[in-house]
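Here is the structure we will look at.
The values are calculated or read from the model by the stated rules, or taken from the named source; none is laboratory data. Here the structure is a predicted model, which is why all the values come from computation and not from measurement. When we count neighbours, we look across all protein chains shown, and the Cβ atoms used for this are built from the backbone with ideal geometry, even at glycine. Side chains are part of the model used for accessible areas, which takes the heavy atoms of the whole protein and leaves out ligands, DNA and RNA. Shrake-Rupley method; radii C 1.70, N 1.55, O 1.52, S 1.80 Å.
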Amino acid sequence: RDLWSESAIGVIGKKSGSLVIRILKLLENRLYRSASAIVVMTCSAEKIIRKSHPDKNITVVENGADLSRFDTYLRETDTGTLPGFTKNGRFRVGYAGSIGVVHNFRAIVEAAKGCLDDPEIEFLIIGDGSKHRELRNLIESSNLPNLRWIGFRPHEDIPAYISTFDIGLNPILNIQAFRNIVTVKFYEYLACGVPAISMGEGEIAEISSRSGAAICLGHHDFSGLVNEIKRLKSDTAALDSLRKNARPFIERHYDRGQLAEDVSDLIVKIVGKTPATN
């Protein structure tokens, strides 16, 4: 799913020539060489692997959303019983996903600061993960009345929570390896008919532009993020235009059920037999 040795270099700051990274690279290359096929999730990841393994069978099967669970109909259902849910008619800007190493949570805090002058805008963070202490310290030190973090929620409830968002946030840290990924929350926001604002470069910028349902800003363009949130809140036509493109884009290109069939077909082709039936 990820170019994990490159990610390690970026996240933990290891030098490419360090002993740890050399060991990881040796293991990685051994796995690539022995694999009958390599499945990657982005075209840029394919290009990177193909440089060192030009003769391998490499297939791009992108990530996506489970359309049977993440759906626009949830926007019309009663979500008032969800724990932590008190929308009160406000314009909700949300993040739902792992509190981990990929995302820049300072962007969300800075956006909340920039929107303090509009009491109708609120920010909601849903999730937990390895960076929960850093996020807690950031939120407590900022003490923002328009920002809430409600922690972990069962995955089966996440589609309903996302459907309460007016905008979904996807701010990615400025690390080279992360320019080769598109996080799954991007697809899930759009599947629920929720426009996204991403912050990053590479694959996420390309797919945001192509979707017609998302905006992509620079990694540290916090003022631009504030401006876009306020613009979309006041310009309902622009927000509706993004929203109407969201679900159809995922249905056409990123249905996880179809993508799983693509992987299954690849495996069956390699193994040379049809899968067993129950």
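Some observations on this one:
- Given (1) in contact (Cβ under 8 Å) with a residue 40 or more places away in the chain; (2) within 17 Å of the chain's Cα centre (by Cα); (3) more than 24 Å from GLY224 (Cα to Cα), index of the condition LYS131 fails: (1)
- Some residue of segment 180-190 being open to solvent by 10 Å² or more (accessible area, probe 1.4 Å), modelled with pLDDT under 95, touching a His at 6+ places or on another chain (Cβ under 8 Å) and under 25 Å from TYR254 (Cβ atoms): yes
- Taken over segment 91-131, the criterion of being of a type in the set (S, T, N, Q) and touching a His at 6+ places or on another chain (Cβ under 8 Å) is satisfied by ASN104 alone.
- Under the condition of being part of a helix (DSSP H, G or I) and either among the charged types (D, E, K, R) or open to solvent by 40 Å² or more (accessible area, probe 1.4 Å) (or both), the residues counted in segment 25-61 number 16.
- Taking each residue of segment 44-56 that is within 16 Å of SER34 (Cβ to Cβ) and looking for partners that are among the hydrophobic types (A, V, I, L, M, F, W, C) and assigned to a helix (DSSP H, G or I) with beta-carbon atoms closer than 9 Å, six or more apart or interchain, yields LYS56/ILE49.
- Hits in segment 189-198 (condition: part of a loop (DSSP other than H, G, I, E, B) and not β-branched (Val, Ile, Thr)): CYS192, GLY193, PRO195
- Selection status of ILE139, in contact (Cβ under 8 Å) with a residue 24 or more places away in the chain and more than 24 Å from ASP255 (Cβ to Cβ): yes
- Residue selected from segment 142-155 under the condition in contact (Cβ under 8 Å) with a residue 24 or more places away in the chain and of a type in the set (S, T, N, Q), by the criterion surrounded by the most Cβ atoms within 10 Å (Cβ to Cβ): ASN146
- Near pairs, Cβ below 8 angstrom, 6+ apart or cross-chain, from segment 251-274 (closer than 11 Å to ASN63 by Cα) to any residue that is acidic (Asp, Glu): HIS253/GLU62; TYR254/GLU62; ARG256/ASP66; GLY257/ASP66; LEU259/GLU62
- For segment 9-16, the criterion of being modelled with pLDDT under 90, surrounded by 14 or more Cβ atoms within 10 Å (Cβ to Cβ) and under 16 Å from LYS185 (Cβ atoms) is met by no residue.
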